[in-house]
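To keep things clear, I will list the structure first and then write my remarks on it.
Readers should treat all values here as calculations from the given coordinates under stated rules, not as data from a laboratory. These numbers were taken from a predicted model, which means no experiment stands behind them. Because the Cβ atoms are built from the backbone with ideal geometry, glycine has one as well, and the counts that use them run over all protein chains shown.
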Amino acid sequence: MAAQNIGFIGSGNIARSLVLGLLAKGRNPAHIYAADIDAGKVERLVRDHGVNAAGHEQIAQTCDLIVLAVKPQSMSEACASLKAALAGRGPVIMSLAAGVNLARIGELLGSGLALARCMPNTPALIGTGAAGLYANENASTEQKQDIEDLMNSVGICVWCELESDLDTITALSGSGPAYFFLFMEAMRNAACGLGLEPGVAEKLTGQTALGAAELARASECGLVELRAQVTSPGGTTEAAIARFEQGGLRQLVDEAIVAAAERARELARENG
Ligand SMILES: NC(=O)c1ccc[n+]([C@@H]2O[C@H](COP(=O)([O-])OP(=O)(O)OC[C@H]3O[C@@H](n4cnc5c(N)ncnc54)[C@H](OP(=O)(O)O)[C@@H]3O)[C@@H](O)[C@H]2O)c1
């Protein structure tokens, strides 16, 4: 990683997971800075992991990669406290906030800065995240590599060609864990309805989801082939899949993801 110092504005869940990811990759905590309006969250990071507690100004003045890890509604206030101290400096600033586009962040921080956006997801908290990234033309190849290294420390990441692709990624992987939780909940409840004990149904549902995801990741055949391998003609899986198809599951998933992407665009308009 080329960035000497990495700073977090906001030290909540996602910032904490990124700090842990960096440390697991061997990053020296002396080069990590954390700020938050809740001093307790920073103190915890300092106490548990030896990073530096810092003010917004200090982060703006000393860090090469600055992560805006605050909620969208806190973005204006967070940027206002960085703006003056950024004058004359050239760090890359990456926002994690959904629905706040780079034009808006540029308005809040000033023009000419290297800016990036990241749409992470909650599995980043356990190192299995999937993130979409987008950077403006001021971000150098080296700065983009630093961002990639940071996000790869908590999972995988992909760069988008267009900022608008982040709305699709929000709908796919940002919100995606909740779709799987809903499906798992429905599977567990169906098994309970057939008489299985809830704890057993939940355990088997979770392990099945994990196994299916791992198999899909490890296998060289695609999703269609993997499904075919479980679906014997006239068998149990075929009976279930036929019912899903009759019920319009594909259409429903399509509509749900389109609705989530549209909501991401609406939020960007509201925040812009
Ligand atoms: N968690 C995820 O997996 C995930 C997934 C997708 C996107 N994101 C995005 O990532 C961002 C961070 O999420 P999170 O889950 O880490 O949120 P979080 O746990 O609420 O952490 C944000 C922290 O920032 C603090 N804060 C608010 N205003 C601030 C300011 N002006 N300066 C410094 N700190 C400030 C908050 O304090 P208070 O609580 O006192 O306000 C809070 O401690 C959000 O924009 C979220 O939408 C997160």
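With neighbours defined as other Cβ atoms within 10 Å of a residue's Cβ, the residues S140, S81 order from fewest to most as S140, S81. Using θ = phi - 60° in the Karplus curve 6.51 cos²θ - 1.76 cosθ + 1.60, the 3J(HN,Hα) couplings for region 75-88 round to 5, 4, 5, 4, 5, 4, 7, 9, 3, 4, 6, 7, 4, x Hz; x is entered for Gly and Pro. Based on Cα contacts under 8 Å between residues 6+ apart, region 6-169 shows a relative contact order of 21 percent.
How big is the antiparallel share of DSSP beta bridges in the chain, given as a percent to the nearest 5?
Details: 4 of 27 bridges.
Given both bridge residues lie in the chain, the antiparallel proportion sits at roughly 15 percent.
Give, to the nearest whole percent, the P(r) tail of region 21-169 beyond 24 angstrom, counting all Cα pairs. Every Cα pair in region 21-169 considered, those over 24 Å come to 28 percent. Gain on full extension, evaluated as 0.36 nm per residue between A228 and A178 minus their Cα-Cα distance, stands at 15.4 nm.
When the helices of the chain are scored as -39500 (n - 2.57) per DSSP H run of n ≥ 4 and the total is divided over every residue, the value at 222 nm lands at -17000 deg cm²/dmol.
N5 sits among other residues whose Cβ lies under 13 Å from its own Cβ, and their net charge, with Lys and Arg +1 and Asp and Glu -1, is 0. With the simple model of a label 7 Å out from the Cα in the direction of the Cβ, S219 to W159 spans 3.2 nm. Relative contact order for region 115-272: 21 percent, from Cα pairs under 8 Å spaced at least 6 residues apart, divided by residue count. Each residue of region 17-30 was assigned a 3J(HN,Hα) from its phi angle through the Karplus expression (A = 6.51, B = -1.76, C = 1.60, θ = phi - 60°), giving 5, 5, 4, 4, x, 4, 5, 5, 8, x, 5, 6, x, 5 Hz with x at Gly and Pro.
Excluding same-chain neighbours fewer than eight residues apart, the lysines reachable from K41 by a Cα-Cα span under 30 Å are K25, K71, K83, K144. Distance from the alpha carbon centroid of region 156-180 to that of region 42-69 works out to 27 angstrom.
Set against the 2.2 N^0.38 Å expectation for a compact globular protein, region 98-177 has a Cα radius of gyration ratio of 1.07.
If the Kirkwood radius is taken over C-alpha pairs of region 176-268, then at 10 °C and 1.306 mPa s the Stokes-Einstein diffusion coefficient equals 103 µm²/s.
For the chain, excluding the exposed loop sites themselves (GluC sites (Glu not before Pro), DSSP loop, at most 14 other Cβ atoms within 10 Å), the longest remaining stretch covers 1-136. In the frame of its principal axes, the chain has Cα extents of 69, 39, 33 Å, reported largest first. Computed over region 94-171, relative contact order equals 30 percent, with contacts defined as Cα pairs under 8 Å that lie 6+ residues apart. Annotation: amide H-H contacts under 5 Å for N138 (H modelled 1.01 Å from N, sequence separation of 5 or more, or interchain): L115.
Couplings 3J(HN,Hα) of region 93-107, computed from phi: 10, 10, 9, 9, 6, 6, x, 10, 7, 5, 4, 5, 5, x, 4 Hz, in residue order, whole Hz [Karplus 6.51 cos²θ - 1.76 cosθ + 1.60, θ = phi - 60°; x for Gly and Pro]. Cα centroid distance between region 202-227 and region 1-32, in Å? Here the two parts' Cα centres lie 32 Å apart. By the Kirkwood approach, averaging reciprocal distances over each pair of separate Cα atoms, region 1-84 gets a hydrodynamic radius of 12.5 Å.
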